Amino acid sequence: MAKVAPVIDAYEIEGEAWESAAAAFWTATSDEGQVTISVPKGGTPEDLEVFAYQLVLARKVAEIDGVIRLKESGTTGAAEPFIVYEGVTKTTLGSEIEANGGLDWPEAVRIVSEIGQSVGALHAEEIVHSGLSMETIRLQQSGSPVIADFSSADLGKVHRPGSAEDESQGAQDFSVDVHGLGRLFWAVVQGEEPSSDDEEILAEILAPNCPVAVHEVVAKAMSADPEQRQQSVGEFLEQLAQAASAVDDVEAAMVGDITSETVMFEELEPTGEHTAQSGVAVVEPTGELQVTQGPDTMAPIVVDDHIEVVTAPAAEEAASGVPWFAMAASSIVTALICIGGFMLFSDSLLGRQTIDDFVGMTLTEAELVLEDTSIIIETQLGRADGSEPGDILEQIPRAGTIVDAGSIIRFTVSEGSELRGLPDPSGLTVEEIAAALEAQGFALGEVIEQRDHPSIDRDLGIELVIEGESVDGEYPGGTAFDLVTSTGLVTIPRISQQEIESILVDELGLDVELVEEFSQDLEVGEVIRTEPATGEKVEQGSTVKVVLASDVDPPLVRVPDVVGKTLGDAVNRLRDAGFNPALAASSPGCGLNVLREARERCQNAERGLVWKVEPELVEHFQGSTITLYAPQDVVEDYKNEADDDD
């Protein structure tokens, strides 16, 4: 993973998330909650070009549902670009399915249809994803899937960095994503990514795990020949929905000389092996129905909550001497008995179990009930509501749910004591709040003196917290609360032009100075930066300079000669002239044979003075950035003094 600073803009980095072919992703938090931040994988021009292309894509898809959404973008103080997305989990669709097994075909239809809707919206924006898989899709906190990796995506005629020069020319092949959705369906049903590129083999593997109609739609999408696939995502989704819907209402049909009839399941006592004139049907220990063909064809096809029984008609009647309707009845009865036995005993054969109602039981009682099962118990403490300690307040899954062997049941368990209201700390000292907590039956934990705390009311200055989180409402008696004291400093947020008055002035109580600065990259009126910068903390009533983008070239201003000056003096001179000074900690290469100009630089560096500026111009646009070069220890001392002054 690419290294990042512990804080980017107003976001605090929490840890690594994942890495794509185009960028490194990190989880981060701000006052607004969790986000995902991406940065270039490296610092080469090629890395930056790829990252810039990802930003173009992110802006293009920002309003599409089911796609990781752009919040903002920017550059750090070290001029490193970053992109901020809405927060998603580290969990991919692949890792979720690997942990819990492949999905039933109806659930696969639902998930692939959701993702397909998002892909269709991408196509409307002339974007071909080209890389759909279980690993490019991640889960939100709600569990909903989102497309999170656009490393392989192509945007219309915009050349994708790293691709062949002529790759983006000509018409786009949207069927690539139809093919990707077909393989994605295969993967979520089978529980793994396809390991073969032979689409016919893959289709044969999938066939037993979904109805014929659904299988035909998916197999067509997976075709190796683009001409044989559905030609749009919309066509694929429509066919998939029709096939899934048709499964619930299979009607009698004639195909050549074969009659197909629909027979609903009935719970019949199984006898293991059932023999009819048309063949032998056996319910295997796995619950599968195996059919041995006899002289008269019998082929029960399991379809959702019923079976199709296919029998030979009158053409076989003459050869056997038995009326065709008698053979059909015999076949139907045989299949009913087999399927009835399977339905009756499939749960026990497959290790499934129906979950009991444990709400109201104690955790100990529930553990005894589940002692001889393979169900795994997980617990979490729930808020006390007057119930006895250890009482089960909630359970997931609910009672009556049928679960597989090894499934997890989660119990929310009561803490036992009654809930009590918190005292109002408004206007109280720490000692008075401690006394009020004790009077309510609570305990005082740690008193934390903090220079600032963004969530604390600036007029209050004290907040009750548990493990750093603000508290409100009712809590069990005996709960310990920490007290956080604050100076009431306010954090400068990232704002738009429309929020200057409402947030900076009205909400935070700051004074605002508006200035304009020429920008080729931003629309007129957009906020370029604030001074102090976003994320810094200031006292209420302080003045914040808000720099807005302008399309008017700024005036040319003479650049002060600051080479050979102290760093503090150089910074002040540049600021007074209307420039933005930036600092670079470095020293020139010095030796015995350096030229006169280089010797002067070395002498300035040895004295701890500014030895170089960039750009080296006599005049420059007002508001431009001028970089000052000084030895590392000098730059560090200057920054430390500036922090102490703050």
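The values are calculated or read from the model by the stated rules, or taken from the named source; none is laboratory data. Note that the structure is predicted; figures quoted are calculated from it, not measured. Neighbour counts run over all protein chains shown; Cβ positions are idealised from the backbone, glycine included. For the accessible areas, the whole protein counts, side chains as well, though only heavy atoms, and no ligand, DNA or RNA atoms are used. Shrake-Rupley method; radii C 1.70, N 1.55, O 1.52, S 1.80 Å.
Given axes a ≥ b ≥ c from the Cα gyration tensor, I'd like to know whether the range 6-64 is rounded (a/c under 1.5), prolate (a/b larger than b/c) or oblate.
Oblate, because a/c is 1.5 or more while a/b does not exceed b/c.
How big is the gap, in Å, between the Cα center of the range 472-523 and the Cα center of the range 22-65?
25
At 1.4 Å probe radius, can you tell me the per residue accessible area of the range 1-153 in Å²?
45
Accessible area per residue for the range 480-529 in Å², computed with a 1.4 Å probe and the full protein assembly in place, what is it?
56
Roughly how many Å is it from the Cα centre of the range 598-627 to that of the range 559-574, as a whole number?
Each part reduced to its Cα centre gives a spacing of 8 Å.
Does the range 602-646 come out rounded, prolate or oblate, given a ≥ b ≥ c as the square roots of the eigenvalues of its C-alpha gyration tensor, rounded meaning a/c under 1.5 and, failing that, prolate meaning a/b above b/c?
Cα axes put the range 602-646 in the oblate bin.
What lysines does Lys41 reach when the alpha-carbon gap must be under 22 Å and sequence neighbours fewer than 8 apart in one chain are set aside?
Lys3, Lys60, Lys71, Lys90
Based on the mean of other beta carbon atoms within 10 Å per residue, what is the order of 206-216, 542-552, most packed first?
Descending mean neighbour count gives 206-216, 542-552.
Rounded to the nearest Å, what's the spacing between the alpha carbon centres of the range 227-247 and the range 77-154? Just the number, please.
21
Within 10 Å, count the other beta carbons around each residue, average over each peptide in 425-432, 240-247, and list them highest first.
Ranking the peptides 425-432, 240-247 by packing returns 240-247, 425-432.
Just check the range 524-646 against the gyration tensor rule for me: Cα atoms, a ≥ b ≥ c as the square roots of the eigenvalues, rounded for a/c under 1.5, and otherwise prolate or oblate depending on whether a/b exceeds b/c.
oblate
Quick one: which of 190-199, 83-92, 558-567 comes out on top by average Cβ neighbours within 10 Å, and what's the full order, highest first?
Averaged packing, sorted descending, gives the order 83-92, 558-567, 190-199.
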